[in-house]
Amino acid sequence: MRIAIIGYGKMGHEVEKAALARQHEIVVTIDNPQEWEERIEKLKQADVAIDFSQPDQVVGNINRCFDFHIPIVVGTTAWQDHFEEIKARCLAEKQSLFTAPNFSIGMNIMFMLNKQLAKYAEKYGYQLSMAETHHIHKLDKPSGTAVKLANDILSVNHDYDHWSIEEPAEHTLYIKVTREGEVNGIHSVMAESPADKITLTHEAFNRQGFAMGALAAAEFLIGKTGVFGMEDLF
């Protein structure tokens, strides 16, 4: 594939390395408004774009790719308030969008396990809580991955009606958020009863898993139109 990388930070570099190892071509990298102006012609040569930019930039980046009918994989989080408008344009114009809160294959296995745990927690009286830790550079709190874990719990467990990063309260799924060092991402879901405790934890050792998942999504997206997620890839 001819790939455009949008957002050329640590994740962008990781995607580039993984793409070249799989014999793909990087036709352009774009990391700021000036480069958008200077490199737009190179962008038009891309078969697909992969975005790991910033939350305040991603909607504009998607729309620019749609302007040129370039399929786009979005790994950036914390832009979901605009998802419905982006989805509407994507479907109306037969564009291609793949978005996920986390592209790690292992994390997506945990998403499935999390729903099962949440169902049994309600049935057998376990209290649920969550914790997530990321590096100090991560802007959103909680992470998009933690939000998905929490929302998935709420969808199947009626003991909770919302989640919060504030102090624990009745009918509230508490998420403890930590930002420290250069942690790539640790997410845990705890289910506790008077008798025992169950913990599901996913820890990313590096960014390689996210890059490989994003590339798999890009390969999947070629030739398709619509809005897709990791469930479709699985």
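Just a few scattered comments:
- Extreme residue, surrounded by the fewest Cβ atoms within 10 Å (Cβ to Cβ), among residues of region 37-46 that are under 23 Å from Ala211 (Cβ atoms) and not aliphatic (A, V, I, L, M): Gln45
- Number of residues in region 132-143 that are of a type outside the set (S, T, N, Q) and closer than 12 Å to Ile175 by Cα: the value is 3.
- Filter pass, Val227 being buried (at least 18 other Cβ atoms within 10 Å of the Cβ) and either at pLDDT 95 or above or among the hydrophobic types (A, V, I, L, M, F, W, C) (or both): no
- Residue within region 47-58 that is surrounded by fewer than 16 Cβ atoms within 10 Å (Cβ to Cβ) and over 22 Å from Thr77 (Cα atoms) present: no
- Looking only at region 116-140, and only at residues there that are modelled with pLDDT under 95 and either of a type in the set (A, V, I, L, M) or in contact with a Leu (Cβ under 7 Å, 6 or more places away or on another chain) (or both), the one that is surrounded by the fewest Cβ atoms within 10 Å (Cβ to Cβ): Ile136
- Just one residue in the set Ser96, Ser143 is assigned by TED's automatic domain parsing to the domain that holds Ala214 and either small (Gly, Ala, Ser) or modelled with pLDDT of 95 or more (or both); that residue is Ser96.
- Residues in region 7-37 that are touching a strand residue (DSSP E or B) at 6+ places or on another chain (Cβ under 9 Å) and more than 21 Å from His135 (Cα to Cα): Glu16, Ala19, Leu20, His24, Glu25, Ile26, Val27, Val28, Thr29, Ile30, Glu35, Trp36.
- Filtered residues of region 1-30 (kept if touching a residue at least 24 places away in the same chain (Cβ under 8 Å) and surrounded by fewer than 17 Cβ atoms within 10 Å (Cβ to Cβ)): Arg2, Gly9, Lys10, Lys17, Arg22, Glu25
- Considering the conditions (1) modelled with pLDDT of 95 or more; (2) within 30 Å of Gly12 (Cβ to Cβ); (3) part of a loop (DSSP other than H, G, I, E, B), Asn206 is excluded by exactly one of them, (1).
- Residue selected from region 205-224 under the condition surrounded by fewer than 21 Cβ atoms within 10 Å (Cβ to Cβ) and out of contact with any helix residue (DSSP H, G or I) (no Cβ under 7 Å at 6 or more places or on another chain), by the criterion nearest to Glu85 (Cα to Cα): Lys224
- Members of region 156-178 that are touching a helix residue (DSSP H, G or I) at 6+ places or on another chain (Cβ under 8 Å) and either surrounded by 15 or more Cβ atoms within 10 Å (Cβ to Cβ) or without any contact (Cβ under 8 Å) to a residue 24 or more places away in the chain (or both): Val156, Asn157, Asp159, Tyr160, Asp161, His162, Trp163, Leu173, Ile175, Val177
- The criterion of at least 2 residues that are under 19 Å from the mean Cα position of the chain (by Cα) and under 23 Å from Asp232 (Cα atoms) is met, among strands (runs of 3 or more DSSP E) falling completely within region 4-90, by 48-51, 72-74.
- When we screen Gly181, Gly213 for residues that are touching a residue at least 24 places away in the same chain (Cβ under 8 Å) and in a loop (DSSP other than H, G, I, E, B), the only hit is Gly181.
The values are calculated or read from the model by the stated rules, or taken from the named source; none is laboratory data. This one's a predicted model, so the numbers in the text were calculated from it and none came from an experiment. Cβ: placed from backbone, ideal geometry, glycine included. Neighbour counts: every protein chain shown.
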